[in-house]
1. Along the principal axes of its C-alpha atoms, what lengths does segment 629-718 span, in descending order and rounded to whole Å?
2. Probe radius 1.4 Å, ligands and nucleic acids ignored: give me the carbon and sulfur share of the accessible area of the chain as a rounded percent.
3. Under Stokes-Einstein, with the Kirkwood radius over Cα pairs standing in for Rh, what whole-number D in µm²/s applies to segment 1-132 at 20 °C and 1.002 mPa s?
4. Report, in cubic angstrom per residue, the convex hull volume of the C-alpha atoms of segment 595-668.
5. If I histogram all Cα-Cα distances within segment 713-845 using bins 5 Å wide from 0, what percent of pairs lands in each bin?
6. Treating only the Cβ of Lys, Arg, Asp and Glu as charged (+1, +1, -1, -1), what charge dipole size does the chain show about its Cα centre? Round to the nearest 20 debye.
7. Among DSSP bridges having both ends in segment 248-365, what percentage is antiparallel? Round to the nearest 5.
8. So what does log10 I(q)/I(0) come out to for segment 156-298 at q = 0.08, 0.13 Å⁻¹, using the Debye formula with one equal point on every Cα and no solvent?
Amino acid sequence: MKLNPLPIDAILPQLVQTLGHAACTVLRAPPGAGKTTRVPPALLDSGLAGAGQIVLLEPRRVAARSAAARISFERGAPLGAETGYRVRFESRAGAATRIIAMTQGVFLRMLHDDPFLERVGVVIFDEFHERQLDADVGLAMVRRVQREFRPELKLVVMSATLDTAGLSDYLDHCPVIESSGRMHPVAVSYLPRHVSGPIAPLVIEALEQLLTETPGDVLVFLPGVGEIRRAAEALRPIAAQHDLAVMQLYGDLPLDQQQRVLVPLAQRKVVLATNVAETSITIDGVTGVVDSGLARTLRFEPGVGLNRLELGRISQASAEQRAGRAGRTAPGTCLRLWTAAEQRLLAAEEVPEILRVDLAAAALQLACWGETELADFGWLQSPPPASIEQAIALLGQLGAVVDRRPTELGRLMARLPVHPRLARLLVEGARLGQPRRAALAAALLSERDPFRRAPGGRRTSQHRSASDVLDRVTALEDFERRAGPDSDLAPLDTGAARATLRVRDQLLRLLEGEEPSRDAQACDPDEAVLRALLVAYPDRVARRREPAGRRALLVGGRGVRLADESAVGEADLFVCVDIEEVGQGEALVRQASAIERDWLPADRVTSGVDVQFDSQRERVIGWRRTRYADLVISEAPTSIPPDVDPGPILAAAILDRFGDGWPLSEDESAFLARVELLRGAMPELELPDIASRLIAAWLPELCAGQVSVADVRKQSLLGVWKSHFTALQLQAIDRHAPERLQVPSGSFVALRYELGKPPILAVRIQEVFGWRQTPRIAGQRVRVLLHLLAPNMRPQQITDDLESFWTNTYSQVRKDLRRQYPKHAWPEDPWTAQPEHRPRSNRRS
């Protein structure tokens, strides 16, 4: 068969010659150059693979199947003979197959059966610029095999756009070959203003414009299958008017339908495609591109603990790739459904998956391959250390690894083409005698949701349930039996529902041979699903905060709230299967599944007595608590164990609650002030500093043997403080900062001490007649502040200069008070008058 020449043909001899001398080669060629379909046969015919296979690794199933079909066609051989493919759930290859196209995930699982790639002569990584995680892992694994076991193994890394220098350095500075390709100019235009809302109306308007501007077929890039189907429906009138063949292209499309898209037609084609058409597949005859600017890319979704496709803006590099599809055979036009200003805000390139997805599946594959220290693995780009630890921790909880080494269960899980959580669910469902229902649950969690969310997020039929996941399983089983679109749970997308059922059947075939456990007969079919969900989500157990309430506490301490659409309304314990982050507050649980306490693994359930401070009762109490991991699942008050001292707990609680604001009694405050006054005035006494340490320093002693704040309040800090002073120091305090002073009347009047203030002596004027000098304390270094009281015991004068008072002020005071209190002594000469003590009278004299 004579082949049409392609740009890549010109460099094939150079590639063969280079690989004859080098173990690795990087090949850069633009989309449509023909590298995917022409390089593998050229290497096979050159003999570089020896007796081994040539493995062509593709990022998507549609690309692997399409590449195999095209190579077989060009070689004039049936698909599955010399050239075949292997993708998830599907294989068309035999013992004689020499070129086999496969997805990168399938290749990783192949390495379990053939860890040294003994049946392989050449490995080709296609479209490596997409930097999928499986590609990064696979490349590092092949390099390890090459270096340590198979130096004759050949490796080719191909890409349309790639940092070839960095990749060449990683591959020991291997040769880089470039194919210039053949591109025609593409005119790119943008929307004049930002438009929000559904995509379909924009696609129709753009398509009508392109049909007049370009003569060829039109390729429309849309983010997903749902958008493709809605756009196809909306395009019916235009298709009929212009005699267009509207075709769909996405990864789950059957091979025969994919091939029809690639075959030239007499009609003008409009191909509605996901990003599989960006680089993986070339459609001849396209001269117009409509780009929505959107794609669903794989990202780790913490809410469901899985990698999921997330809708988002494409990068500038992807936009260029898409536009280039219009210029392969003739000048073309690309209409981007966003503004030129928005174009400048797009990221330059996509973030590699290794930096944005969950690593649990990759970590399990590597563990089964014998690689336990993932941080030291030969990555092209190392993943974040936290992501590695998170992945290892999850695998440990799933029972897949112990001390970073795979268990038998882990090896079984690694062979299943789903996330380790879902692999664990499948295995457990099979062991409990319900593989079919477990497979349907896994399919529902891994594939596009067939249930449309009702307005407001509520179910179309409100009811109580044990599991939102089980409700969905039952609804799809009902759909399968009656083959109708209606569901009591929520409106169904019948296409997505059938796709989910197909995935279930494919997973079931992989589970064949897995024996049920001995107690499978005793396990109710519904209970089997609930138990399997628990083992798949052991880190997502939550306990309701109050009976029948919507709020709960998750393992790890995060607060969650059941969404309105969740029907799990009674179970005290449940698994949070689908969690949506809604800001910094409580996360929203959209799908939950009830569990029984007896189902929890015994090795993660612990019981013990916690001794803690009860803030409401203001006392230390004991609680007997049972925990699953760190989540309290039951508790009851109990006595404090005899070997536990409540004092330190009480002290810490008081300090946390009151800080240095612990209320001091009058005696305590006065003693503290007396000490501080003498520390400043008489440093030679060397009194201890009790003020700066205050409550924090003395609480342990104060709380010793106590269990409540009330008990501590009954204690006195005076005893604690005084124990830190010598007897001589205490005597000095009483002598130099006395509690009372004797005044001329013979009375002993109390001194009032306050921190940072002079001592105050509040005394009636009549009691200090004849007292010429202001009294002093602290070795005569500190004056006392006198509050001279009228007979009503209110200050008439405040002074620390008594002599000045008698000389300058007393006469006026005498004049004012004599009329009010005539029965009291008001001598003209206070210097010589007899002081008198008169008990305070409540009656005005």
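The values are calculated or read from the model by the stated rules, or taken from the named source; none is laboratory data. Source: prediction; values computed, not measured. Positions of Cβ are generated from backbone atoms using ideal geometry, with glycine treated the same way; all protein chains shown enter the neighbour counts. Quick note on the areas: whole protein, heavy atoms, side chains included, nothing else; ligands and nucleic acids left out. Shrake-Rupley method; radii C 1.70, N 1.55, O 1.52, S 1.80 Å.
1. Extents along the principal axes, in whole Å: 60, 27, 23.
2. 48 percent
3. Translational D for this selection: 144 µm²/s.
4. Spread over its residues, the Cα hull of segment 595-668 gives 133 Å³ apiece.
5. Percent of pairs per bin, in order: 2, 9, 17, 21, 17, 12, 8, 6, 4, 3, 0.
6. That gives a dipole near 1980 debye.
7. Given both bridge residues lie in segment 248-365, the antiparallel proportion sits at roughly 55 percent.
8. Each listed q corresponds, in turn, to -0.28, -0.66.
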